[in-house]
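Chemist: Starting off with a structure, shown below.
Throughout, read-outs are computed from the coordinates displayed, never taken from laboratory work. Small disclaimer: the values here were computed from a predicted structure and weren't measured. Cβ coordinates were reconstructed from backbone atoms using ideal geometry, including for glycine residues, and neighbour counts include every protein chain displayed.
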Amino acid sequence: MATMLLWASRAASHLRISVFTRPFASVVKDLNYADSHEWAKVEGNSATVGITDHAQDHLGDVVYVELPEVGKSLTKGEGFGAVESVKATSDVYSPMSGKVVEVNEELNSSPGLINSSPYEKGWIMKLEVSSGGEVNGLMDADQYSKFCEEEDGKH
């Protein structure tokens with residue numbers, strides 16, 4: 001019996017460790033990332049914005065997304081909405097300055113798209129970027145993966 005408990009304890013310990021060292025396979029190479037866990041896909045003076053796979057994983061099942069208003073001007077780092085999950089509500093911040101030109105209305109009826117497809121169908125807004133140079137202040141995929149690993153290691 002003692003051997004069984006020791007084995008179970010070791011197995012649980014191993015499983016717990018493997019959660020913290022899980023690879024961030026869902027970091028997309030051609031995107032840029034903010035330390036508040038938003039991503040931006042910049043194409044010319046347009047940027048599509050959403051939250052990262054890492055963020056949705058920590059939030060859990062998303063049940064509601066507060067979208068920004070089309071036409072609203074945002075500055076880099078400004079809150080523009082929120083993502084509510086079964087665990088918590090998290091504010092979402094703009095990774096770049098610009099004007100909101102489109103929002104993903106599909107999230108109103110299907111907020112779970114943020115969980116199932118954070119980089120494709122789960123995008124939140126599109127910006128007309130006012131300062132293209134701001135992209136240089138964001139992390140690339142490798143930097144963001146390292147940032148997430150370090151952040152998770154602190155918990």
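Chemist: Could you please find all residues in segment 110-155 being touching a strand residue (DSSP E or B) at 6+ places or on another chain (Cβ under 6 Å), closer than 16 Å to Asp30 by Cα and assigned to a helix (DSSP H, G or I)?
Modeler: If the condition is that a residue be touching a strand residue (DSSP E or B) at 6+ places or on another chain (Cβ under 6 Å), closer than 16 Å to Asp30 by Cα and assigned to a helix (DSSP H, G or I), then Val135, Tyr144 are the ones that fit.
Each row is one residue, and each column tells you yes or no for (1) exposed (fewer than 13 other Cβ atoms within 10 Å of the Cβ); (2) on the phi > 0 side of the Ramachandran plot; (3) among the β-branched types (Val, Ile, Thr); (4) in contact with a Leu (Cβ under 9 Å, 6 or more places away or on another chain).
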{"residue": "Val42", "(1), (2), (3), (4)": "no, no, yes, yes"}
{"residue": "Asp57", "(1), (2), (3), (4)": "no, no, no, no"}
{"residue": "Gly60", "(1), (2), (3), (4)": "yes, yes, no, no"}
{"residue": "Ser90", "(1), (2), (3), (4)": "no, no, no, yes"}
{"residue": "Val101", "(1), (2), (3), (4)": "no, no, yes, yes"}
{"residue": "Glu106", "(1), (2), (3), (4)": "no, no, no, yes"}
{"residue": "Gly112", "(1), (2), (3), (4)": "no, no, no, no"}
{"residue": "Pro118", "(1), (2), (3), (4)": "no, no, no, no"}
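Chemist: Oh, and also: Tally up the residues in segment 83-98 that are closer than 12 Å to Val49 by Cα and in a strand (DSSP E or B), please.
Modeler: Summing the residues that are closer than 12 Å to Val49 by Cα and in a strand (DSSP E or B) in segment 83-98 gives 3.
Chemist: Among residues belonging to segment 49-82 that are charged (D, E, K, R) and part of a helix (DSSP H, G or I), point out the one that is farthest from His37 (Cα to Cα).
Modeler: Asp57
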